[in-house]
1. Starting from the coordinates of the alpha-carbon atoms of the range B:1-112, obtain the Kirkwood hydrodynamic radius over all distinct pairs and give the value in Å to one decimal.
2. Across the range A:58-287, what fraction of all alpha-carbon pairs, as a whole percent, falls in each successive 10 Å bin from zero upward?
3. Provide the per-residue ³J(HN,Hα) series for the range A:3-18, in order, calculated from phi with Karplus coefficients 6.51, -1.76, 1.60 and θ = phi - 60°, each as a whole number of Hz, with x at glycine and proline positions.
4. Using only DSSP helix segments of four residues or longer, with each worth -39500 (n - 2.57), what per-residue ellipticity at 222 nm results for chain A after dividing by its residue count and rounding to 500?
5. Got a sec? Which residues of the range A:189-207 lose 10 Å² or more of accessible surface with every protein chain in place, vs. that chain alone, 1.4 Å probe?
6. Taking both sides together, what accessible area is buried at the A/B interface, probe 1.4 Å, expressed in Å² and rounded to the nearest 100?
7. At R0 = 41 Å, how high is the FRET efficiency between B:LYS346 and B:LYS103 if r is their beta carbon distance? Nearest 0.05 is fine.
8. Tell me, what is the per residue accessible area of the range B:2-232 in Å², probe radius 1.4 Å?
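The values are calculated or read from the model by the stated rules, or taken from the named source; none is laboratory data. The shown structure was predicted, so the numbers you read here are calculated from the model rather than taken from an experiment. Neighbour counts are summed over all protein chains in view; Cβ atoms, including those assigned to glycine, are modelled from backbone coordinates with ideal geometry. Note: accessible area is taken over every heavy atom of the protein model, side chains too, but ligands, DNA and RNA are not part of it. Shrake-Rupley method; radii C 1.70, N 1.55, O 1.52, S 1.80 Å.
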Amino acid sequence: MDRLKGYGKILFFVGIPLVPLLAFWFIPMFVSLWLSTTDWDYISPEFNHVMLENYQTILTSGNFYAALKNTAFFSVMTVIPTIIFGLVFAALLKKVMKGSTLFKSLLFSPWITPMVAMSIVWTWIFQPDVGLLNQILGWFHLPQPSWLTDSNTAMWAIIIVTIWKNAGWAMLFYADALSKIPNELYEVGKMEGTSWWQNSKYITIPLVSPTTLFLVIISLIDAIQAYDQIQVMTQGGPAGSTRTLLYLYYQMAFEQFNMGQATALSTIIVILTGVLAFLLFYTSKKWVHY
Amino acid sequence: MKKISLKNITKQYDTNQEKILENFNLDIYDKEFIVLVGPSGCGKSTTLRMIAGLESITSGELSINEQVMNDVPSKDRGIAMVFQNYALFPHLTVFDNIAFGLKIRKEDKKVIKERVEETAAKLGLTNYLKRKPKDLSGGQRQRVALGRAIVRNTNIFLMDEPLSNLDAKLRIQMREEIIQLHNQLGTTTVYVTHDQTEAMTMASRIVVLKDGAIQQVGTPHEVYMHPANMFVASFIGSPTINFLTVKVTSHALKIDEQKIVEMPLDNSTPNEIIIGVRPEDIELVSEPDAIKLTIHRVEMMGADKYVYGEIMGQKLTVRVHNELDIQSKQHLHIKLNPRKVHLFEKETGKAIETFVKDTVVV
Ligand SMILES: Nc1ncnc2c1ncn2[C@@H]1O[C@H](COP(=O)(O)OP(=O)(O)OP(=O)(O)O)[C@@H](O)[C@H]1O
Ligand SMILES: [Mg+2]
């Protein structure tokens, strides 16, 4: 009897938090998994079961691989600079600015500005004829690409905006991590005559590695899920040069109304994200020092 | 040979701030174990860090091995330092922690391995070389920190309160080990602590500091037997020395009209002075006309008892043997030995030299 009561209690306390998880996560996940095996068109009440045909179509289409390549390129080119700029800014903040709040808020402000609003401003900055960026490039007689309207440069433009937005956010985490490194460790270095580079390599980088892992995972997921800036600035163009997997999903679902294939793609994105996160955690044992 | 010499050293952290150290002069000789001791904030770490080159010298001259070192970078001063919080690299193994300096100095891999293993053996760390600092006990971490200093084969060690994070028992054990290491290696050592027991037990010479000024430099015996002023007298020794304000008459020192101790002093002595008497130097007597101590409180310390009380309105502590039954008593009769009484000027707190006092030769 007592034991039964015990189980009841456990069920009660575990069960209640499980309700929202079930309602908002597990159920939609299973519904979408199920949807991905149909050819529903988002509007009509009828649909057929097509089993794995959607997956087959996607995995054999050139669009998918182009988008995959774009996503990979976008992820690598945003995550790595975000991490590097974040660390460099945090180090500067510590050394030069002595923790200046003004500098901190200045760098952090892009992160609290909505991506949509920022993308609109940047669309103007990237404007080929009157945009700020090309004006400045013009003063220095540098080439002035047409940025968002050229398939060679559009992706770079999106990458610049994304780094701009995220670097300040990464800096904030690194600033905290740096402030936790005891100064004595650098003094040990000073007694032996370590160079700037040796300090970074032997002290700073290993000691902020847990923060680095956290930032890599979060900004990688953020990169795979990038949507706002693409929607506002290029809508996946020109010529599909900025069409990432998520944007491809959006176009399949809400432009082509091909709900089955879209959900199949979203499943692939989720699996891909999961595998990447797992790999990162798995390899992190080698380079993250707690 | 003068190993380290500080001449007129002054230190100011900020130009508009007060001076932390002023006109600091100290010569340290080869193979000495110098202990800088003093209350918190008196400038012990600052002094040590200036010798190490971690802190700039505002004015004055620092020489090591007779060479001016003011502007020589830390790494070229031939110094190894042990930090208070061990300052071990958490991500490196014991081996790599000890090897750090040698690696930075680009020593040969084989040499590094040899030297690290030799050092580890000296410190009993051989079985822990592959561990990370977080898997070591406090004492072992402290040994790694020592190892990192020893492995460099320098002839000067600087240590900033290296034992302050250890528990009492371990502290005594590590104290022993450090002394042994010093006897073995003969490395000139400057050791900072605020613990007078550590200073007394470890030092070949003690430097007592207060507010950035040297109060006295001397062997443990000298600072205990002949404190230069009231500060030194009260800082060294436990329980703390007693101070009594007394009147000087031709043949004796008195409180009110009661004679405290017989002591013929010359005429230059001021009328009122302060005497210092250590609790362990007070004799118990049975004559009823001796000084009467009113007992307030007794502390059992093991081998001894500390009796806290007062004579004629002035506080006095006496250390007595633990077998003495005083629990039932309200009074004790005491006697002061003129040889064991320290005299100080009332205004300045400086010691007054007397002909009565003389050193017991040990
Ligand atoms: N970086 C600094 N900037 C300004 N003032 C400092 C700095 N470091 C120390 N001080 C001041 O210098 C004085 C001496 O400090 P120091 O650290 O040398 O004392 P200490 O004797 O080692 O004390 P403790 O026993 O507490 O370690 C203190 O008043 C302290 O406030
Ligand atoms: Mg200190």
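1. In the range B:1-112 this quantity evaluates to 16.0 Å.
2. With a bin width of 10 Å, the distribution comes to 7, 27, 30, 22, 11, 2, 0.
3. Each residue's phi maps through the Karplus curve to give 5, 4, 4, x, 4, x, 4, 4, 4, 4, 6, 7, x, 4, x, 6 Hz.
4. Theoretical 222 nm ellipticity from helices: -22500 deg cm²/dmol.
5. A:LYS190, A:MET191, A:GLU192, A:GLY193, A:THR194, A:GLN198, A:TYR202, A:ILE203, A:PRO206, A:LEU207
6. 1800 Å²
7. E(calc), rounded to 0.05, equals 0.10.
8. 43 Å²
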